[in-house]
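Values in this text are rule-based calculations from the coordinates and carry no lab data. Keep in mind that what you see is a predicted model, and the values were worked out from it rather than measured. So basically every Cβ, Gly included, is an ideal-geometry build from the backbone, and we count neighbours across all protein chains shown.
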Amino acid sequence: MQKVKGGFDLKEFLMKYSFVIIIIFVFIYFSLATDNFCTAGNIISMLHTAAPNFIFAAGAAMIILTGKVDLSIGSVMYLATAVFTVLIGYTKGNVLISLLAAIAAGLLVGLLNGFLIVVLKVTPMIATMGSMIAIRGVSRSICGGMPLSLPENIRSIGAVKAGPVFLDVIIALVILILIYVVHNRTRFGRLITAIGNDEKIAVKLGINVSKIIITDYLLSALLASISGLMLALQVGGVTLAFGQGKEFTAIAICVIGGFSMFGGTGHVLKGLPIGVMTLTVIEAGLNFMGVSPYAYRFVQGGIIFIAMYAQSYQSMVQVRKEKNETNDERRLKV
């Protein structure tokens, strides 16, 4: 293992900051290989595209911090948007009623997930996978099995700007900061980390684990609903494949951002922007180069593999360090 003076470990450094380095080099490459990639307009456009991803990934991150997973994110996005789009037509443009109903529908799925996991003791992956399939079917029924468009006056909200920046980028940033505060500055956030570190110990310490987990799934559903509505405003409506695969995108973002799938480890403000922008920059760059959109999934899978390997290596290095420190302490005592 390569080291320099002061105990600096080059390989560990590269593993720890691998995706920061990757996103810099990828951005430079696409800037040189394509026209108009490195422009203010394109950067603003990429942030606009990434805004919904920041929001649903924040919800997924809070679930992953507990050592669990939520595979229903994409279907919740679909359900909330389907309810909103249909009610906008029925209520003749009443945004408030449609918005509240859409959020309520998403929260019901979060409550269902929490009930299945906490009360019925269903494994989180199985419970949320079942929700994913069932809720997508319900959403398609609500839409009548066809794509729906939002009215022009509602669609235009997705293009509103505050100066040069799209409004949804600002909303995503505010939500990201709020989730950071919840995770790092509140009792709820500390309890989530405690559960992720060791749920059995958390129970012994008197933490109401069931309540925290249900609340966490409600939060994930709320953020998924908001991101779905934001995405619908961007694209102008809802399609039959709306939100499909977003749950796996959320997991990819969290893994790239350094969140451990075993729970207890991750930083919202440091990790999620790296995860979101890594995938966004690569997708945008491939589009600029005219690469087939199907290739993006292949690249995304490779990135997840690299991220998981980096996590595994970092864990191995940490265990080795702790073991060496323990051995050094024993030698000193002798």
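Measure nothing fancy, just the Cα-based angle from helix 246-256's long axis to the longest principal axis of the chain, in degrees from 0 to 90, nearest 10.
Helix 246-256 sits roughly 30 degrees off the main axis of the chain.
Using helices alone, I'd like the mean residue ellipticity at 222 nm for the chain: each DSSP H run of four-plus residues gives -39500 (n - 2.57), total over residue count, nearest 500.
-25000 deg cm²/dmol
Need the full-extension length gain, Leu240 to Ser292, defined as separation in residues times 0.36 nm minus the C-alpha distance. One decimal, nm.
Numbers: separation 52, 0.36 × 52 = 18.72 nm, distance 2.16 nm.
This chain segment gains 16.6 nm when fully extended.
Quick one: dipole size for the chain, taken about the Cα centre, charges +1 on Lys/Arg Cβ and -1 on Asp/Glu Cβ, in debye to the nearest 20. The partial results should precede the final answer.
Working: 26 positive and 15 negative charges, 169 e Å.
Roughly 820 debye, rounded to the nearest 20.
Over all alpha-carbon pairs in region 207-319, figure out the percentage whose distance exceeds 16 Å.
Numbers: 4431 of 6328 pairs.
Roughly 70 percent, once rounded to a whole number.
If each residue's Cβ is checked for other Cβ atoms within 10 Å, how do Phe288, Phe166 rank with the fewest at the top?
Numbers: Phe288 16, Phe166 21.
Fewest to most other Cβ atoms nearby, the residues stand as Phe288, Phe166.
Which whole-Hz couplings ³J(HN,Hα) result when phi for each residue of region 101-118 is put into the Karplus expression 6.51 cos²θ - 1.76 cosθ + 1.60, θ = phi - 60°, listed in order with x for Gly and Pro?
The phi angles translate into 5, 5, 5, 4, 5, x, 5, 4, 5, x, 5, 4, 4, x, 5, 4, 7, 7 Hz.
When the Cα centres of region 128-153 and region 282-312 are compared, how far apart do they sit, in Å?
Their Cα centres are 28 Å away from one another.
For region 74-150, what is Rg from Cα atoms divided by 2.2 N^0.38 Å, rounded to two decimals?
Numbers: Rg = 13.6 Å, N = 77, 2.2 N^0.38 = 11.5 Å.
In units of the 2.2 N^0.38 Å rule of thumb, it is 1.18.
Exposure proxy check: Cys143, Cys38 ranked by fewest other beta carbons within 10 Å? Don't skip to the end; give the middle numbers.
Details: Cys143 22, Cys38 13.
In increasing order of surrounding Cβ atoms, one gets Cys38, Cys143.
Cα axis of helix 167-185 to longest principal axis of the chain: angle in degrees, 0 to 90, nearest 10?
Taking the Cα atoms of the chain, the angle to 167-185 is about 40 degrees.
Once amide H atoms are built 1.01 Å from N in the peptide plane, which residues 5 or more positions from Gly237, or in another chain, come under 5 Å H to H?
It is Leu150, by chain and number.
Rounded to the nearest angstrom and ordered from largest down, what semi-axes does the equivalent ellipsoid of region 32-131 get from its C-alpha gyration tensor (root of 5λ)?
Values: eigenvalues 190, 111, 18 Å².
The answer is 31, 24, 9 Å, longest axis first.
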